[in-house]
Amino acid sequence: MSKPDVLAVAKLHPFYQKALESIYTVHDRTHVTDPAAFAALAPRIVGVAGTGEASVPRSLLSQLPQAKVVSVFGVGYDGVDVPAAIEHGIPVTHTPDVLTDDVADLAMGLVLSVGRTIPQADKFVRAGQWPNGPIALARKVSGARMGIVGMGRIGKAIAKRASGFGMSIAYTARTEKPDSGYRFFASAAALAAQVDFLVVITPGGAGTHHLINAEVLQALGPRGFLINVARGSVVDEQALIQALQNGTIAGAGLDVFANEPQVPEALWSMGNVVLTPHMASATTETRQAMADLAFANMQAGISGQPLRTPVPECMAMLSK
Ligand code: NAP
Ligand code: 8YV
């Protein structure tokens with residue numbers, strides 16, 4: 001008997017790909033690479049596999065009458081048209097919690113990297129510059145003021161780590177968290193004006209598009225650093241480049257970009273910027289846990305079992 005058909009809408013991590021291939025036939029981006037073949041295949045697709053960055057638009061969902069689940073390998077699902085999925089009766093799942101520690105760790109890694117100029121210092125030593133004089137002084141991290149944009153699962157984990165460095169914690173989110181003990185600001189600009197390190201960790205999508213704009217960067221000021229581990233869309237990248245070039249802010253640590261995997265060339269040569277390739281959850285342990293959870297969701301969706309981690313917007317359709 002042939003295996004059920006699943007569509008991969010992005011290049012999948014090998015852990016997830018391998019698990020899926022054990023019981024499904026995985027069609028790798030056929031809707032993009034061979035639309036004619038996809039027209040014949042689409043009615044047989046029972047599940048859609050994606051990543052946090054993948055696009056699952058209404059136009060695709062409407063071609064999948066047998067699809068039972070969209071299983072995203074990632075906590076963010078801003079590329080999925082969730083209202084359209086609900087209209088088509090297709091629940092969406094993601095992989096919350098299992099990656100929280102890693103993303104918070106990388107956020108702190110970027111804070112330390114930009115503050116203490118670790119990558120620049122490494123280059124300094126390798127370039128044989130040490131004998132020619134001391135490296136420029138860095139910025140003290142312990143005891144500095146941390147501002148977090150997005151106080152959800154990962155935001156809280158970043159706050160916990162920053163507290164260990166004796167940093168004061170303030171945040172903004174859609175709603176205040178009175179029990180957190182951290183100081184709340186109603187806007188990103190008001191928060192930025194009061195902190196040294198502004199760490200962005202919200203979802204992407206329309207609700208947060210360019211939440212970090214020229215005004216917020218101005219408020220962060222010439223001794224302030226921006227860290228973005230959320231989505232490239234949350235930061236106005238052109239405004240950021242200008243702010244870095246003009247000294248409006250001190251520096252930035254960026255894991256995500258507006259048009260990945262393209263990174264604006266203007267950033268490449270900046271000495272006050274640390275760049276990583278969207279790797280905040282990219283450890284062997286966490287990628288395995290994400291693959292296990294994404295696969296479990298796919299299996300549950302296709303076999304009609306309760307989903308492990310549906311996205312919040314799909315809870316209502318699942319309780320009917
Ligand atoms: P979460 O628990 O849902 O937390 C999201 C937080 O963002 C919440 O505090 C929420 O506010 C806040 N938020 C949402 N819209 C906002 C807005 N317009 N203005 C201000 N705050 C807003 O999600 P999570 O698990 O922490 O993950 C957060 C995001 O991190 C993901 O969606 C993904 O985009 C990103 N991420 C990136 C990587 C990477 O590799 N770089 C890895 C994992 C995740 P409320 O609490 O008031 O609802
Ligand atoms: C992954 C992410 O890099 O979870 C998310 O939202 O952005 C990251 O964990 C991504 O989903 C895998 O491509």
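The values are calculated or read from the model by the stated rules, or taken from the named source; none is laboratory data. These figures come from a predicted structure and were not determined experimentally. Note: ideal-geometry Cβ built from the backbone for every residue, glycine included; neighbour counts use all protein chains shown. Surface accessibility is based on the protein's heavy atoms, side chains included, excluding ligands, DNA and RNA. Shrake-Rupley method; radii C 1.70, N 1.55, O 1.52, S 1.80 Å.
Quick look at the values:
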quantity: Stretchable slack from residue 87 to residue 142, in nm (0.36 nm times residue separation minus alpha-carbon distance); calculated: 14.9 nm
quantity: For region 100-275, accessible area per residue (1.4 Å probe, heavy atoms of protein chains only), Å²; calculated: 49 Å²
quantity: Backbone HN-Hα couplings from phi across region 2-17 [Karplus 6.51/-1.76/1.60, Hz, Gly and Pro as x]; calculated: 6, 6, x, 9, 10, 9, 8, 8, 8, 5, 8, 5, x, 4, 6, 4
quantity: Nearest-0.05 FRET efficiency for residue 11 and residue 268, computed from C-beta distance (R0 22 Å); calculated: 0.35
quantity: Peptides ranked, highest mean first, by Cβ atoms within 10 Å: ranges 15-21, 255-261; calculated: 15-21, 255-261
quantity: Residue of 139, 116, 126 that the Gaussian network model of the chain assigns the largest fluctuation, springs spanning Cα pairs under 10 Å; calculated: 126
quantity: Virtual spin-label span in nm between residue 22 and residue 223, 7 Å along Cα→Cβ; calculated: 5.5 nm
quantity: In degrees, nearest ten, helix 237-246 long axis to first principal axis of the chain (Cα); calculated: 10 degrees
quantity: Modelled FRET efficiency - R0 30 Å, residue 37 with residue 259, Cβ distances, 0.05 increments; calculated: 0.60
quantity: Interchain or long-range residues, amide H under 5 Å from residue 149's placed H; calculated: 172, 199, 200, 201
quantity: Cα-based reach from residue 160 at 25 Å (exclusive), listing lysines while leaving out same-chain residues under 8 positions away; calculated: 140, 177
quantity: Packing-based ranking, highest mean first, of 169-182, 74-87 given that Cβ atoms within 10 Å are counted; calculated: 74-87, 169-182
quantity: ³J(HN,Hα), Karplus 6.51/-1.76/1.60, whole Hz, each residue of region 179-184, x for Gly, Pro; calculated: 7, 6, x, 9, 7, 9
quantity: Tilt relative to the chain, helix 153-164 - C-alpha long axis, 0 to 90 degrees, to 10; calculated: 30 degrees
quantity: Theoretical gain in end-to-end length, residue 209 to residue 245 [0.36 nm per residue, Cα-Cα removed]; calculated: 10.7 nm
quantity: For residue 251, distant residues with modelled amide H under 5 Å away; calculated: 226
quantity: Region 180-246 - percent of accessible surface contributed by carbon and sulfur, probe 1.4 Å; calculated: 49 percent
quantity: Angle in degrees between helix 100-116 and the longest Cα principal axis of the chain, rounded to the nearest 10; calculated: 30 degrees
quantity: Kirkwood Rh (inverse of mean 1/r, distinct Cα pairs), region 100-275, angstrom; calculated: 16.2 Å
quantity: Check: region 100-275 dipole with +1 on Lys, Arg Cβ and -1 on Asp, Glu Cβ, in debye; calculated: 540 debye
quantity: Helical contribution to [θ] at 222 nm, DSSP H n ≥ 4, -39,500 (n - 2.57), averaged over the chain, rounded to 500; calculated: -10000 deg cm²/dmol
quantity: Cut-off under 5 Å, modelled amide H: who pairs with residue 56 long-range; calculated: 80, 81
quantity: Per-residue ³J(HN,Hα) for region 27-35, Karplus 6.51 cos²θ - 1.76 cosθ + 1.60, θ = phi - 60°, Hz, x for Gly and Pro; calculated: 9, 7, 6, 4, 4, 9, 7, 8, x
quantity: Hull shadow area, averaged, the chain [alpha-carbon convex hull, nm²]; calculated: 18.5 nm²
quantity: Dipole moment magnitude, nearest 20 debye, the chain about Cα centre, only Lys, Arg, Asp, Glu C-beta charged; calculated: 580 debye
